[in-house]
Amino acid sequence: MIKHYYILLLLLCTQAILAQTYGCTDPLSNNYNPNATINDGSCTYPNTSISPDATVTLPPEIIETSGLIKWGDNLYTHNDNGDTKLYALDSLSGAVLQTLTVTGTNNQDWEDISQDSTHVYIGDFGNNVSGNRTNLSIIRADKAGLLSSNPVIETINFSYAKQTNFTSTANNATDFDCEAFVVTNDSIYLFTKQWVSKKTSVYVLPKTPGTHVALLKTTYNVGGLITGATYLEDKKTLVLCGYSTLLKPFLYLLYDFNGHEFFSGNKRKIGFSQNFHQVEGIAASTGNNYYLTNEHFVQSPFINTAQKLHRVNLSAFLDNYLENMPLFTAQNNIRDKIRVYPNPAGDIIYIEIDPSLIGLKYTFFDMTGKDVLNGSLPKIVNKINVSKLTAGLYSIMLDNYPDYSYRLVKK
């Protein structure tokens with residue numbers, strides 16, 4: 001009887017695995033698979049370019065506008081050198097409505113700004129001059145104090161885990177520059193501006209004051225220089241801005257990803273029609289509406305681009321996804337509570353789980369539905385030896401969640 005029970009269980013698990021189809025789930029893509037039930041991040045897209053819905057010139061006091069957030073009814077920006085003020089902007093006219101001084105700070109190279117419900121974070125981590133700064137930091141200021149002209153200033157110091165050579169480089173010749181970051185409930189995610197490779201690397205560090213080592217999560221070839229980021233956590237949407245070495249600006253849409261694995265879902269690059277505009281900051285108004293700023297750029301004798309504020313609408317690219325968010329969220333709720341890495345894997349993997357899942361049992365199935373490895377998850381981060389598994393594709397399933405599996409590639 002027991003034997004029959006396990007055979008039945010194995011058949012049910014096999015059916016659950018086979019019922020799930022990995023593939024591209026975005027109907028707007030080149031390779032949409034209508035039968036796919038799990039987005040595997042494989043979608044590709046046609047080349048696309050957009051123009052702003054509206055553009056206004058910004059006042060001369062923010063000629064070097066570098067970062068941008070939407071806080072309350074206003075936009076806030078800052079300059080990237082020397083100036084320690086935040087400028088509240090009218091989102092329609094671009095006029096400066098108010099200035100907030102971040103007292104007790106210095107601005108060596110402020111490159112981006114982010115926020116959570118209680119604090120504003122300012123990234124003093126520009127590193128393009130010689131690539132060897134050892135005082136990279138993020139300033140944290142409480143919002144209430146900023147508004148009352150008496151902010152509590154704290155500092156988050158960091159270094160890159162992958163930067164071990166601090167020999168001075170030529171100007172704009174390092175892959176350890178950074179101009180973009182976002183803040184989540186417990187962490188900061190940096191998106192590097194890689195002058196040499198034209199890629200971006202995602203580094204993560206705690207958002208608590210102190211000194212930290214930023215750990216590398218992933219690197220992705222964006223084919224350009226990333227200069228800003230904005231994150232809508234409830235919509236699982238993150239939008240990067242940047243430009244090419246020929247100063248052709250672009251947006252990079254990341255959406256329908258797992259947890260904070262921002263490049264695990266859909267990745268769509270969209271050109272921005274305003275050539276020779278050094279786009280530096282981006283902020284979300286809604287899931288579809290975004291603001292961009294570019295700093296003043298001069299290249300004599302032909303180019304003299306003023307600092308500007310642009311409004312863009314991304315409904316054509318995101319409406320379908322956002323309208324179906326409740327369905328996607330329900331399908332991926334459990335998946336967001338589990339991280340399996342590295343993937344592809346060698347002999348060791350880690351399964352990191354939400355505390356609510358501690359104690360669950362896991363099972364590895366090969367593509368024939370055979371149970372090849374099983375055990376339990378007694379901690380948040382669990383180290384698992386998979387050296388005895390042969391190279392191939394496996395599905396990991398957890399007890400109590402038979403409708404969901406996690407794909408693992410064993411090298």
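A cut-off under 13 angstrom between Cβ atoms defines the neighbours of Asn33, and their net charge, with Lys, Arg +1 and Asp, Glu -1, is -2. Relative contact order of region 347-408: 37 percent, from C-alpha pairs under 8 Å at least 6 residues apart in sequence. The chymotrypsin sites (Phe, Trp or Tyr not before Pro) of region 113-176 that meet both conditions, a loop assignment by DSSP and at most 14 other Cβ atoms within 10 Å of the site Cβ, are Phe166.
Its DSSP H runs of at least 4 residues, each contributing -39,500 (n - 2.57), put the calculated 222 nm mean residue ellipticity of the chain at -3000 deg cm²/dmol, to the nearest 500.
Each of Trp195, Trp71, Trp110 has some number of other Cβ atoms within 10 Å of its Cβ, and from fewest to most they run Trp71, Trp195, Trp110.
Summary of the geometry: region 89-118 and region 213-255, compared by the centres of their Cα atoms, lie 21 Å apart.
For the chain, the membrane-span-like helices by this rule, meaning whole DSSP H stretches whose C-alpha atoms cover at least 20 Å of axis and whose Kyte-Doolittle mean is 0.5 or above, are 2-19; this says nothing about an actual membrane. Amide H contacts of Ser91 (H built 1.01 Å from N, in plane; Pro and chain starts excluded): Leu75 sit under 5 Å, all sequence-distant by 5 or more or on other chains.
Toward the positive end of the charge dipole of region 362-411, about the Cα centre and with charges on Cβ (Lys, Arg +1; Asp, Glu -1), which of Val386, Thr363, Ile396 goes farthest? In region 362-411, that residue is Val386.
In terms of the Cα gyration tensor, with a ≥ b ≥ c the square roots of its eigenvalues, is region 56-123 rounded because a/c is under 1.5, prolate because a/b exceeds b/c, or oblate? Oblate shape, in that a/c is at least 1.5 and b/c is the bigger or equal ratio. With contacts taken as Cα pairs under 8 Å at a separation of at least 6 residues, the chain carries a relative contact order of 13 percent. Taken about its Cα centre, region 48-329 carries a charge dipole of roughly 640 debye when the Cβ of each Lys and Arg holds +1 and the Cβ of each Asp and Glu holds -1.
Taking the alpha carbon gyration tensor of region 216-323, multiplying each eigenvalue by 5 and rooting it gives semi-axes of 26, 16, 11 Å, largest first. Note that the chain, at 25 °C in a medium of 0.890 mPa s, gets a Stokes-Einstein diffusion coefficient of 107 µm²/s from its Kirkwood radius over C-alpha pairs. Could you sort out which of Lys85/Lys199; Lys337/Lys379; Lys143/Lys207; Lys207/Lys269; Lys207/Lys337 sit more than 22 Å apart by Cα distance in this structure? From the list (Lys85/Lys199; Lys337/Lys379; Lys143/Lys207; Lys207/Lys269; Lys207/Lys337), the Cα-Cα distance tops 22 Å for Lys85/Lys199; Lys207/Lys269. Backbone geometry of region 77-90 corresponds, through the Karplus equation with coefficients 6.51, -1.76 and 1.60 at θ = phi - 60°, to 3J(HN,Hα) couplings of 9, 8, 8, 9, 7, x, 7, 10, 10, 9, 10, 7, 10, 6 Hz, x marking Gly and Pro.
No value in this document is a laboratory result; all are computed from the given coordinates. Remember, predicted model here, so these are calculated numbers, not experimental data. Every residue, glycine as well, gets a Cβ built from its backbone with ideal geometry; the counts of neighbours run over all protein chains shown.
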